[in-house]
Amino acid sequence: MLIRRMLEETASRRPDQPALISAAASITYRQLADQVSRLAAGMINLDLAAGDRVAILLPNTIDFVTALLAANHAGLIAVPLFADYPPLEQHEILADTAARLLITSPDLLPSVPSAALQPLINVILTRGEARGYLTFETLMATGMLDEAEPAGMDRDPIGIIVHTSGSTGRPKGVAHTQSRLARRADLLINTLSLTADDRALTAQHLGRPVFLVADLLAMIKTGGSLTLVDPPETELFWRLYARTSPTYLVAPTGYIDQLIHSPGAAQADHSRLRFWINAGDLPTEELQQRVARITGRPLRNMYGLTEGGFLSITTPNAPIKRGSIGKPMAGVEMRLVDKDGRDVAPGEMGHLHIRTPNMMVGYWNDTLLTHRAMGSGWLETPDLFRIDEDGDYRFLGRDSEIIVRTGANVASARVIESMLLHPAIAEAVLVGVPDPREGQVPIAFYRLHAGASDPGSDRLHAWVAVRVDAWSIPEDFFLLDHWPMTRHGKIDRTTLIAMAAVRTSRNRDVQTP
């Protein structure tokens with residue numbers, strides 16, 4: 001089903017149901033469908049053809065949702081931009097997709113490089129002074145889009161291109177079709193038994209596929225309501241939580257940690273909450289237990305990829321096992337292979353390959369990269385897993401995070417596991433730092449359980465030394481109060497590597513005679 005038809009059907013079935021709610025406004029499905037149709041008609045009147053790219057630089061608001069749905073309604077391809085992207089990256093994305101239209105707000109427009117605006121046929125401003133540009137109101141005044149499909153719109157058009165940085169740092173455009181996104185929503189609805197009585201609340205930008213599908217499309221398909229938290233401040237989150245009583249939440253680990261440790265978590269009424277889904281780095285056992293203790297509901301781990309969609313999820317009654325992402329979801333095939341592409345033996349570590357009908361179409365304008373990623377028919381990931389005795393997949397790390405010391409692979413997963421066995425250690429991360437003699441040396445960062453005393457580097461060195469190979473013992477151990485986080489809510493390993501390089505350099509300088 002196309003996203004366009006999904007919205008039309010729900011607007012017909014539940015016209016007066018609140019579709020989107022924010023701190024300042026709300027909109028019903030009838031109103032949303034009307035605005036989307038009018039904005040789509042205005043876009044087509046700008047001589048945009050099916051498949052043209054429409055860049056959208058807006059915060060996580062009702063206007064953003066309206067613009068994204070309108071682009072899909074008109075058979076256009078939405079290209080989300082984000083306010084925290086540096087100007088060069090904004091320019092690269094606009095150039096890579098050859099976007100013909102930019103939808104933004106007056107306050108965000110100055111952040112877009114002027115050179116990036118020149119190839120556009122127009123700029124649409126949501127509100128405020130036009131300053132020579134068109135506005136939402138101008139486009140919506142052109143009338144409704146008729147019921148016929150826009151000319152040139154095929155059966156499964158690309159609906160969105162989302163850019164994600166790879167190991168090279170160059171933005172990669174991941175292309176998804178409307179129908180595959182809709183099928184992902186169906187998969188989640190069936191897995192979680194979502195209904196029209198459900199309500200979601202999110203502070204995560206809906207331009208990212210996991211939240212676009214899990215929050216927006218799942219609610220549109222069922223006819224439930226979605227509350228948007230913008231800006232993503234914890235106080236505003238809990239205020240809107242109290243006002244709308246959501247039944248489920250989807251968020252990255254770092255943001256969950258912020259929320260559950262803020263005063264609003266313990267003060268909130270969680271009686272309507274069914275579950276909380278962790279969609280980022282794997283949480284600590286302490287975080288899982290804290291969520292369960294405060295909300296009375298389990299924290300589920302979901303594993304997915306921008307390229308592959310939802311792949312697995314832990315069930316609410318499953319035992320808490322560090323690193324577990326549960327079993328594959330319906331219709332998802334997983335296999336673990338060695339470096340030569342052969343299936344590994346049960347219990348052994350291997351690279352995860354996945355196959356699902358809901359995978360990306362490919363990387364935009366990059367046939368070679370697409371072929372490398374999925375030319376075998378399987379999407380080949382850099383993630384390392386093993387299957388435990390219960391048949392659950394256990395995450396061990398990423399190939400890109402492998403540390404090679406004097407020609408031997410450091411047993412990163414074993415080092416982390418040994419550190420977590422220490423009664424004081426709540427979380428640990430291992431990074432590799434360049435070394436002129438050994439190639440790389442492992443450096444460990446860790447956080448303590450609440451109230452625990454710091455064992456210190458020397459004691460941790462001795463603790464790990466009896467549990468791992470000599471070349472895997474970290475060069476040093478550094479205590480942190482908080483992890484540095486990326487803009488996607490994941491632990492920022494690049495910052496940790498930089499911190500490790502500086503600290504290790506200082507230690508060596510001190511020790512040099």
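Applying the selection to segment 251-276, what residues are over 16 Å from the mean Cα position of the chain (by Cα), within 27 Å of Gly207 (Cα to Cα) and of a type in the set (A, V, I, L, M, F, W, C)? Correct list: Leu259, Ile260, Ala265, Leu273, Phe275.
Filter segment 239-252 down to residues that are open to solvent by 20 Å² or more (accessible area, probe 1.4 Å) and of a type in the set (Ser, Thr, Tyr), then give me how many there are.
The total comes to 1.
For beta carbons closer than 7 Å, sequence separation of 6+ or different chains, a first residue in segment 85-102 that is open to solvent by 30 Å² or more (accessible area, probe 1.4 Å) and a second that is part of a strand (DSSP E or B) and basic (Lys, Arg), the qualifying pairs are Ala98/Arg53; Arg100/Arg53. Scanning segment 261-288 for residues that are touching a strand residue (DSSP E or B) at 6+ places or on another chain (Cβ under 9 Å), in a helix (DSSP H, G or I) and of a type outside the set (Asp, Glu) returns Leu287, Gln288. Cβ-Cβ contacts under 6 Å between residues 6 or more apart (or on different chains), taken from a first residue in segment 442-458 that is under 16 Å from Ser418 (Cβ atoms) to a second residue that is open to solvent by less than 30 Å² (accessible area, probe 1.4 Å) and among the β-branched types (Val, Ile, Thr), are listed as Pro442/Ile403; Pro442/Val410; Ile443/Val431; Ile443/Val433; Phe445/Val429; Tyr446/Ile425. Inside segment 437-457, residues that are of a type in the set (Gly, Ala, Ser), surrounded by 13 or more Cβ atoms within 10 Å (Cβ to Cβ) and over 11 Å from Leu479 (Cβ atoms) make up a count of 1.
Residue-level analysis places Ala55 among those that are crowded, with 20+ Cβ neighbours inside 10 Å and in a strand (DSSP E or B). Has segment 223-238 got any residue that is part of a loop (DSSP other than H, G, I, E, B), surrounded by fewer than 21 Cβ atoms within 10 Å (Cβ to Cβ), among the polar types (S, T, N, Q) and out of contact with any Lys or Arg (no Cβ under 8 Å at 6 or more places or on another chain)? Checking segment 223-238: not a single residue is part of a loop (DSSP other than H, G, I, E, B), surrounded by fewer than 21 Cβ atoms within 10 Å (Cβ to Cβ), among the polar types (S, T, N, Q) and out of contact with any Lys or Arg (no Cβ under 8 Å at 6 or more places or on another chain).
Could you list all residues from segment 362-382 that are in a loop (DSSP other than H, G, I, E, B) and either open to solvent by less than 70 Å² (accessible area, probe 1.4 Å) or within 15 Å of Arg335 (Cβ to Cβ) (or both)?
Of everything in segment 362-382, those that are in a loop (DSSP other than H, G, I, E, B) and either open to solvent by less than 70 Å² (accessible area, probe 1.4 Å) or within 15 Å of Arg335 (Cβ to Cβ) (or both) turn out to be Trp364, Asp366, Gly375, Ser376, Gly377, Trp378.
Scanning segment 327-344 for residues that are assigned to a loop (DSSP other than H, G, I, E, B), at pLDDT 90 or above and either open to solvent by less than 30 Å² (accessible area, probe 1.4 Å) or out of contact with any Ser or Thr (no Cβ under 8 Å at 6 or more places or on another chain) (or both) gives Met329, Val332, Arg342, Val344. Restricting the search to segment 475-504, which residues are within 30 Å of the chain's Cα centre (by Cα), open to solvent by less than 40 Å² (accessible area, probe 1.4 Å) and of a type outside the set (A, V, I, L, M)? If the condition is that a residue be within 30 Å of the chain's Cα centre (by Cα), open to solvent by less than 40 Å² (accessible area, probe 1.4 Å) and of a type outside the set (A, V, I, L, M), then Phe477, Phe478, Trp483, Pro484, Gly489, Asp492 are the ones that fit.
For segment 383-406, a residue qualifies if it is under 16 Å from Gly432 (Cβ atoms), open to solvent by less than 60 Å² (accessible area, probe 1.4 Å) and under 21 Å from the mean Cα position of the chain (by Cα), and the qualifying residues are Leu384, Leu396, Gly397, Glu401. Filtering segment 254-279 to residues that are within 18 Å of Thr314 (Cα to Cα) and open to solvent by 20 Å² or more (accessible area, probe 1.4 Å) leaves Arg274, Ala279. For residues in segment 110-143 being touching a residue at least 24 places away in the same chain (Cβ under 8 Å) and assigned to a helix (DSSP H, G or I), which is surrounded by the fewest Cβ atoms within 10 Å (Cβ to Cβ)? Within segment 110-143, the match that is surrounded by the fewest Cβ atoms within 10 Å (Cβ to Cβ) is Ala115.
The values are calculated or read from the model by the stated rules, or taken from the named source; none is laboratory data. Nothing here was measured: the structure is a model prediction, and the numbers come from that model. So basically every Cβ, Gly included, is an ideal-geometry build from the backbone, and we count neighbours across all protein chains shown. Please note that ligands, DNA and RNA were not included when accessible areas were found on the heavy atoms of the full protein model with its side chains. Shrake-Rupley method; radii C 1.70, N 1.55, O 1.52, S 1.80 Å.
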